[in-house]
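Novice: Here's a structure for you.
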Amino acid sequence: MVTDTTQPTLQHFLTTATTGPFVAIYLNREAVTDRDQLRLQLRHLVDHAEAVMAETWPDTDWSPYASQLTSLAQDPAELMALTGAALGVLTNGEQRYWQGLEYPVVDTAMVTATPQLLPLILDAQNRLEFDLLTLNADSIALYRNQGDELVPLHLPAGAPVTLEQALGSELRGGSVNTVGQGAGRVSYHGHGDQSSEAEIDQRRYYQAVDDYVTTHFSNLADRRLVLFGLPQNIALFREVSRNPHLSGSMQVEMSPSNLTLAELDAAIDVLREHNGTNVRNRILATIDGAKSGGRYLDDLGAIISASQSGAVERLVIRNGARINGRLRADGTVDTDSAQAKHNNLLTDLADATLARGGKVRVLEADSLAEPVVAVLRYRVAE
């Protein structure tokens, strides 16, 4: 069998890799310091997956899976290049998907009828992605935040990186009359109304920046834009901005002048922390509303029935929870077969919920006592 070793998106993988069984490998990278250690840990997990496949799917040829997985174990350069606390690999023997994860995982190798997505779901719901625009009075820079990583974005020739590049001969204040004072501030000297002319230049400059970023980044990627700068610069940019993706609540009031990439990265940690807290609080608020509205279930049997009828609007699973079992196509549960003993029933419930248009969320153990709860689309009949 010819295998496809290119890297698809997760959505492409899930919509095209429809035939299982699926091998899922999750590896905690927090203690991994070099490529050899990563190769060894990955090799152990691949060997375990092969043993589980032999027990649970004895008629399935392991060689296509080996081809997909051992190439990573033999030369894990691509995996070492991924950022994050963990990594996940999915394959059905024909296609392979891998991703760096921001949240730590327990080392796991599973073989299941449907892909084990719960660590990916947890990562996706908490992953904070946005473009970061750093503002000085006469210059800007653009970065992309992906989870816990801040990456500089290259701005090509013609981009309004500086005020003079943007306005050129149209400068009203005149560049010769500006003196940099550090910390993102510019002092203007001269006579008459030179200062007000310079303020007009800054406003026009921010308008040019806003037009450029909106057209070439925000609208194209449909990604939120966050501002980083002194309060007065942020306030002026907000006055002139027409960017529909500009965040109304997220910003960092701090001068970006002379900050290193590491210092910028550290300064936006507060945004990442607030995002994780907000995600958890929104999920808990949804659960509380479902309880008061009679749309809440925490009985496993009732949740299974509701998932089969498409009644589950949102399934919430406790991170790390596992119930050995397999959901059959007819909605009954198998707990006796080898496949069932190596399967997490909660993964099947998540797959059934997603397939019927519902959403799946994952909460940490300190926020959810039950292994799984469901928010229904309508009130439970009494």
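Novice: Looking at the chain, what % of its DSSP beta bridges pair antiparallel, to the nearest 5?
Specialist: Roughly 75 percent of the DSSP beta bridges within the chain come out antiparallel.
Novice: How far is the Cα center of the stretch 85-107 from the Cα center of the stretch 277-314, in Å?
Specialist: Spelled out, the Cα-based centre of one part sits 27 Å from the other.
Novice: May I ask you to rank His342, His154 by accessible area, largest first, using a 1.4 Å probe over the protein chains only?
Specialist: His154, His342
Novice: I would also like to ask the following. What FRET efficiency, computed as 1/(1 + (r/R0)^6) with R0 = 41 Å and r the Cβ-Cβ distance, is obtained for Asp75 and Asp334, rounded to the nearest 0.05?
Specialist: Numbers: r = 39 Å, r/R0 = 0.94.
Between Asp75 and Asp334 the formula returns 0.60.
Novice: Another question, if that's okay. Would you mind working out the magnitude of the charge dipole of the stretch 280-382 relative to its Cα centre, with +1 at each Lys and Arg C-beta and -1 at each Asp and Glu C-beta, to the nearest 20 Debye?
Specialist: In total the dipole reaches around 360 debye.
Novice: Using a 1.4 Å probe, what is the accessible area per residue for the chain, in Å²?
Specialist: 47 Å²
Novice: Over the heavy atoms of Asp298, what accessible area does a 1.4 Å probe trace out, to the nearest 10 Å²?
Specialist: The value for Asp298 is about 80 Å².
Novice: Counting each pair of different Cα atoms once, what's the Kirkwood radius of the stretch 241-348 in Å, rounded to one decimal?
Specialist: Evaluated on the stretch 241-348, it is 18.2 Å.
Novice: Still on this model: Rounded to the nearest 10 Å², what accessible area does Tyr378 have for a 1.4 Å probe in the complete protein model?
Specialist: 130 Å²
Novice: Of the labelled options (i) 4, 15, 18, 17, 15, 11, 8, 6, 4, 2, 0; (ii) 5, 19, 24, 21, 16, 10, 5, 1, 0; (iii) 5, 21, 27, 22, 15, 8, 2, 0, which one gives P(r) over Cα pairs in 10 Å bins from 0, in percent as computed for this structure?
Specialist: The listed entry that was calculated here is (ii).
Novice: If the elastic network links every pair of Cα atoms under 10 Å, which of Arg314, Arg43, Arg361 fluctuates the most in the Gaussian network model of the chain?
Specialist: Result for the chain, Cα springs under 10 Å: Arg43 fluctuates most.
Novice: Largest first and in whole Å, give the semi-axes of the stretch 18-76's equivalent ellipsoid, each being the square root of 5 times a Cα gyration tensor eigenvalue.
Specialist: Semi-axis lengths for the stretch 18-76 are 23, 11, 10 Å.
Novice: A further question follows. Full-extension gain between Asp34 and Asp107, please, as 0.36 nm times their residue separation minus the C-alpha to C-alpha distance.
Specialist: Result: 24.6 nm gained on full extension.
Novice: Against the empirical 2.2 N^0.38 Å scaling, what ratio does the C-alpha Rg of the stretch 47-141 come to?
Specialist: Values: Rg = 18.0 Å, N = 95, 2.2 N^0.38 = 12.4 Å.
The value comes to 1.45.
Novice: Just to be sure I understand the model, the point goes 7 Å from the Cα along the line to the Cβ. What's the resulting Ser309 to Arg322 distance in nm?
Specialist: Distance between the two pseudo-spin positions: 3.2 nm.
Novice: With only Lys, Arg, Asp and Glu charged, each at its Cβ (+1 for the first two, -1 for the last two), find how big the charge dipole of the chain is about the Cα centre; round to the nearest 20 debye.
Specialist: 860 debye
The values are calculated or read from the model by the stated rules, or taken from the named source; none is laboratory data. Everything numeric here is computed off the predicted structure, so don't read it as measured data. Cβ: placed from backbone, ideal geometry, glycine included. Neighbour counts: every protein chain shown. These area figures cover heavy atoms from the full protein model, side chains too; ligands, DNA and RNA do not enter into them. Shrake-Rupley method; radii C 1.70, N 1.55, O 1.52, S 1.80 Å.
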